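Report on one structure; see the data block that follows.
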């Protein structure tokens with residue numbers, strides 16, 4: 001049977017409206033600045049916002065650096081370096097040293113793009129060699145989950161979940177629960193790599209440039225933003241981000257999902273556009289590099305350049321900001337590398353025009369470890385740090401209850417303003433031949449009138465009903481589906497049983513689910529690691545909101561709609577993905593008198609501490625484990641006859657009843673909650 005999906009563009013247009021409004025206001029703010037003082041004040045404003053994005057500066061720990069080998073070439077040597085960016089978290093890197101360097105020389109920190117082989121990728125070897133042949137000391141290191149640094153190693157040089165960006169997004173969604181940003185971890189690797197470079201006697205610490213392409217363009221940008229926030233100013237003398245900079249407006253309009261480290265939390269809420277991440281580097285030299293055929297929209301790059309050109313001009317440094325757009329697709333080809341060499345040469349004093357002949361090494365030649373993976377060193381992984389942090393937070397917060405719990409939930413969900421009047425709704429044509437327990441009427445509720453978001457509500461009736469809901473008294477059931485009310489009404493045994501009951505029966509496709517599952521990003525991408533559900537959830541983080549919060553709001557507005565017709569004693573049922581917003585709505589609304597959660601997780605901490613978790617980013621409540629956990633919510637719902645039916649594990653797998661009882665006991669919950 002065909003899926004019901006009449007509102008598949010709703011989330012896209014909702015998000016475009018949100019981001020456009022912020023982008024337009026940002027542009028006006030920047031272009032209206034008329035003095036250096038205004039620019040300096042704006043930098044102070046950005047530092048405050050970026051400290052929220054990147055969090056507290058990590059503690060400085062010993063690098064414990066060592067050289068594991070060296071390669072001699074005609075004009076330079078390559079040293080193989082391992083250092084620790086955090087305790088027992090090794091970083092592998094290659095240091096390119098030009099022959100004949102006398103005294104401190106200009107240097108460049110290279111940050112890799114999203115290549116599985118990291119520093120050994122041809123594009124990144126190329127710019128490292130090119131710079132070294134021009135006389136720069138170059139240090140390029142493997143990012144987390146790339147090259148020699150797999151965080152989910154399979155013991156054979158690969159990753160059990162897939163390398164590179166798959167690991168990034170996998171780790172990133174767990175860190176959301178702790179209030180951490182994966183981009184901060186990436187940036188701190190860069191800070192420690194810079195520290196290593198500065199310690200080298202061959203390097204002039206006052207002349208260190210920064211460049212990277214794609215994911216390395218991202219990290220060039222994030223390093224400038226993070227160091228500006230953590231240290232008050234950027235430590236780099238010049239910078240060249242390639243094939244990342246555009247605008248978030250373009251990425252949103254073009255339905256382009258991005259990686260966990262590319263979606264800085266709070267940024268949109270603070271009124272930033274992508275170019276703001278570069279502004280703490282002003283007025284130091286900066287060149288923006290892009291490609292005409294790139295999926296990072298060149299129109300957004302030109303828009304950002306216009307904003308930054310004006311900003312640099314307020315310091316009298318407009319000539320120190322440049323733009324180069326090459327003719328090719330996404331990448332760091334020779335034209336862009338040569339534009340970077342020439343730009344850096346203007347400020348380093350080194351002759352840097354053109355690109356010398358290059359020799360690309362085999363991956364194995366550049367290995368810093370014997371096997372090509374740091375897991376031979378028995379290191380800590382990011383997962384280990386997440387697990388430890390989750391347990392520390394649990395011990396610190398203890399149990400949370402009463403008003404403290406309500407305040408914490410209300411704060412973290414950051415719900416939209418809720419009007420006093422019930423939502424306006426449209427009556428859609430009745431659906432036939434859907435094999436539901438009873439015929440159904442269909443209503444489209446306008447749950448967010450400001451930004452035009454809706455929920456689709458079905459009301460089952462014994463007889464055909466194509467008008468407003470039949471008034472009732474008190475008791476009703478409201479079902480929150482896993483992925484689709486229509487699917488659950490036809491296929492889920494509990495949903496069908498309740499739908500046949502005597503109480504009035506409603507279901508709600510909250511936003512992004514069922515009839516509004518997005519048909520955006522790529523075809524049938526909804527549940528993918530970079531799918532449409534992830535896409536809008538990631539923008540929610542940047543807005544300092546969450547998909548969960550939006551969905552809770554939709555449920556509360558549905559309860560307003562039901563109460564307007566007399567149904568104010570509600571049995572609220574949530575299944576799978578719907579169980580989490582249902583639990584929060586039940587906690588916040590006294591009209592809910594009974595709660596059943598089917599296929600719900602037992603605790604967010606289980607998800608944070610399990611490497612193989614598969615619950616989506618849209619189910620993660622930012623920072624939740626700093627304040628409370630789901631067992632706190634469940635304890636509060638016991639007075640509403642809470643039942644947990646067949647709870648699901650962190651991997652979203654069914655549990656045997658014995659296992660479920662043990663996990664409930666570990667979470668401090670009674671096994672009597674199990675139905």
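How far is helix 165-178 tilted, in degrees, relative to the longest principal axis of the Cα atoms in the chain, given as a value from 0 to 90 rounded to the nearest 10?
60 degrees
For the stretch 596-675 and the stretch 422-492, compute the distance between their C-alpha centroids and round to whole Å.
If we compute the Cα centre of each part, the gap is 28 Å.
With no solvent and one equal point scatterer placed on each C-alpha of the stretch 193-329, evaluate the Debye formula and give log10 I(q)/I(0) for q = 0.12, 0.13, 0.19 Å⁻¹, two decimals.
-0.46, -0.54, -1.13
Calculate how steeply helix 182-199 sits against the longest principal axis of the alpha-carbon atoms of the chain, using the helix alpha-carbon long axis, and give the answer as 0 to 90 degrees to the nearest 10.
Tilt of helix 182-199: around 20 degrees.
I'd like the distance separating the alpha-carbon centroids of the stretch 359-383 and the stretch 117-138, in whole Å.
18 Å
When N counts the residues of the stretch 53-376, how does its alpha-carbon radius of gyration compare numerically with 2.2 N^0.38 Å, as a ratio?
Numbers: Rg = 18.3 Å, N = 324, 2.2 N^0.38 = 19.8 Å.
Its radius of gyration relative to the 2.2 N^0.38 Å reference: 0.92.
When all C-alpha to C-alpha distances in the stretch 79-156 are sorted into bins of 5 Å, what percent of pairs does each bin hold, rounded to whole numbers?
Pairs per bin, as whole percents: 3, 16, 24, 23, 16, 10, 6, 2, 1.
For a quick protection proxy, order the peptides 31-37, 106-112 by their average other-Cβ count within 10 Å, most packed first.
Put in order of decreasing packing, that is 106-112, 31-37.
From the C-alpha gyration tensor of the stretch 131-202, pull out the three semi-axes of the equivalent ellipsoid (sqrt of 5λ each), sorted largest to smallest, in whole Å.
Details: eigenvalues 156, 58, 16 Å².
That gives 28, 17, 9 Å for the three semi-axes.
Over the alpha-carbon set of the stretch 98-219, divide Rg by the Kirkwood Rh and report the Rg/Rh ratio to two decimals. The partial results should precede the final answer.
Details: Rg = 15.6 Å, Rh = 15.3 Å.
Answer for the stretch 98-219: 1.03.
Which peptide among 115-127, 489-501, 392-404 comes first, and what is the full order, when sorted by highest mean count of other Cβ atoms within 10 Å?
The densest-packed peptide leads the list: 115-127, 489-501, 392-404.
Given q = 0.05, 0.11 Å⁻¹, what are the Debye log10 I(q)/I(0) values for the chain, with equal point scatterers placed on the Cα positions and solvent ignored?
-0.26, -1.08
Please find the FRET efficiency linking residue 346 to residue 77, where r is the Cβ-Cβ separation and R0 is fixed at 35 Å, and quote it to the nearest 0.05.
E(calc), rounded to 0.05, equals 0.85.
Restricting to the chain, compute how many DSSP beta bridges are antiparallel as a %, nearest 5. Before the final figure, lay out the partial values.
Working: 40 of 85 bridges.
Of the beta bridges lying entirely in the chain, close to 45 percent run antiparallel.
For the chain, find the longest principal axis of its Cα atoms and tell me its angle to the long axis of helix 36-54, 0 to 90°, nearest 10.
60 degrees
Counting only the backbone N, which residues of the stretch 1-45 are under 13 Å from the spot 7 Å out from the Cα of residue 433 toward its beta-carbon?
1-2
Rg and Dmax in Å for the stretch 430-669, alpha carbons only: what are they?
Cα only, the stretch 430-669: 17.3, 50 Å (Rg, Dmax).
Once all Cα-Cα distances of the stretch 447-496 are split into 5 Å bins that start at 0, what whole-number percent is in each one?
Values per bin, smallest distances first: 4, 14, 21, 20, 22, 14, 4, 1.
If packing is taken as the average number of other Cβ atoms within 10 Å across a peptide's residues, how do 93-102, 518-527, 347-356 rank, most packed first?
Numbers: 93-102: 18.9, 518-527: 16.9, 347-356: 15.2.
My ranking of the peptides, most packed first, is 93-102, 518-527, 347-356.
Counting each DSSP H run of 4 or more residues in the chain as -39500 (n - 2.57), what helix-only mean residue ellipticity at 222 nm follows after dividing by all residues, to the nearest 500 deg cm²/dmol? Numbers along the way, then the final one.
On the way: 19 runs with 243 residues, N = 675.
Estimated from H runs of four or more residues: -11500 deg cm²/dmol.
Every read-out reported here was derived from the displayed coordinates using simple, explicitly stated rules and does not represent laboratory data. Everything quoted here is computed from the prediction, not taken from an experiment. Every residue, glycine as well, gets a Cβ built from its backbone with ideal geometry; the counts of neighbours run over all protein chains shown.
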